[in-house]
Amino acid sequence: MFRSMGVFLEVAKQGGFAAAARALVMSTTAVSRHVADLEQELGTALFRRTTRSVSLTDAGLIYRDRIRPLLEETEAVMEEMRGLGQEPRGHLRLAASPGFGTAVVGPLLVDFLNRWPAITLDLELSVHLVDPVRDGFDAAVRSGPLRDSGLTTRKLSEVALVACASPEFVERTRPITAPQDLAEVDCIVWREGYGKMPWSFRQDGRLVQVLAKGRFSSSSVISERQAALAGLGVALLPHLFVAGDLEAGRLREVLPGAEPLTINLVWPAQRFESPKLRALIDHLVDGLAGPLPRYG
């Protein structure tokens, strides 16, 4: 029964019996037989079949949506049972932002793969907000606010942020003494997956937010740093990317009190976590427990 359910899902995914047969390395006849057995057991047609196309019936749509999480849960249980007492193994897909992924996550994954030789891993660096469920990732490293209630979350770290600008920009612009002043000067805006986010500062025990604006916005921390060095405005950047610039005087902090950026690991909610995913979670949590390394 479970085998036939899996075949049915593959036909629905591939949009045809022949394509599903190729994906499953089965004959088209065998695939058709599995689906026919299911339809007989259920007493209803799951697909509309024509000479040119195959599509789900209303009953097929309902059946697909109900059994998919059931089979995923069953597979997760089977993998956990197989993995008890065994070394983590298999393939993982992880997503992260280009900046944090390059500077922090990437080096940690090198150590992770050296530790677990039976695991293969694909790191996707994307400026887009990755949905692990929709996009087929085992987990994703995210910064800032979380809005996905269907995901399991684990806090990894907090990244210190600094509002900074070049000495030339500081000398030619109006004094910046409060967060509200930033709304009156050119800023270099960090555009994450959720869009442009307000800048947050802690002053006199209060959280103050301001919507920064300017002529240049980017989803790349590297580009923002370059723009700040060139005097295009004030940038709110991770300290680990500009520590050397601040020490050398190439950039100056223009306003203290920037709220740190929270970094989280998210993954699809499930009752059982595979040994390979648990190993990745533990490695990232342990690796980010201490101070973050400088970049560059």
With the requirement that a residue be in a loop (DSSP other than H, G, I, E, B) and either of a type outside the set (A, V, I, L, M, F, W, C) or surrounded by 16 or more Cβ atoms within 10 Å (Cβ to Cβ) (or both), what does segment 135-159 give you? Gly136, Phe137, Asp138, Gly144, Pro145, Arg147, Asp148, Ser149, Gly150
Can Asp37 be described as of a type outside the set (Lys, Arg), out of contact with any Cys (no Cβ under 8 Å at 6 or more places or on another chain) and surrounded by 14 or more Cβ atoms within 10 Å (Cβ to Cβ)? yes
Are there any strands (runs of 3 or more DSSP E) wholly within segment 214-294 with 3 or more residues that are under 27 Å from the mean Cα position of the chain (by Cα), and if so which? 216-218, 234-238, 261-268
What residue, of Arg3, Arg82, Arg49, is touching a Ser or Thr at 6+ places or on another chain (Cβ under 9 Å), at pLDDT below 90 and not polar (S, T, N, Q)? Arg49
Write out, first by first residue and then by second, each pair whose Cβ atoms fall under 8 Å of each other, whose residues are 6+ apart or on separate chains, and whose first residue, in segment 27-48, is in contact (Cβ under 8 Å) with a residue 40 or more places away in the chain and at negative phi while the second is part of a loop (DSSP other than H, G, I, E, B) and among the hydrophobic types (A, V, I, L, M, F, W, C). Glu41/Met1
Which numbered condition in (1) outside any loop (DSSP other than H, G, I, E, B); (2) surrounded by fewer than 18 Cβ atoms within 10 Å (Cβ to Cβ) is the only one that Pro175 fails? (1)
Give me the residue from segment 19-70 that is part of a helix (DSSP H, G or I) and β-branched (Val, Ile, Thr) and, out of that set, farthest from the chain's Cα centre (by Cα). Thr29
Residues within segment 94-134 that are assigned to a strand (DSSP E or B) and not acidic (Asp, Glu), tallied: 8
Checking Glu73 against (1) crowded, with 18+ Cβ neighbours inside 10 Å; (2) over 13 Å from the mean Cα position of the chain (by Cα); (3) within 30 Å of Val35 (Cβ to Cβ); (4) of a type outside the set (Gly, Ala, Ser), which single condition isn't satisfied? (1)
Restricting to segment 10-30, name every residue that is surrounded by fewer than 17 Cβ atoms within 10 Å (Cβ to Cβ) and closer than 16 Å to Glu72 by Cβ. Lys13
Take segment 101-155 and flag every residue that is at pLDDT below 85 and among the basic types (Lys, Arg). Arg134, Arg147
Which one is nearest to Pro256 (Cα to Cα) among residues in segment 161-171 that are in contact (Cβ under 8 Å) with a residue 24 or more places away in the chain and surrounded by fewer than 16 Cβ atoms within 10 Å (Cβ to Cβ)? Pro167
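The values are calculated or read from the model by the stated rules, or taken from the named source; none is laboratory data. From a predicted model like this one, the values you see are computed outputs, not experimental measurements. Cβ: placed from backbone, ideal geometry, glycine included. Neighbour counts: every protein chain shown.
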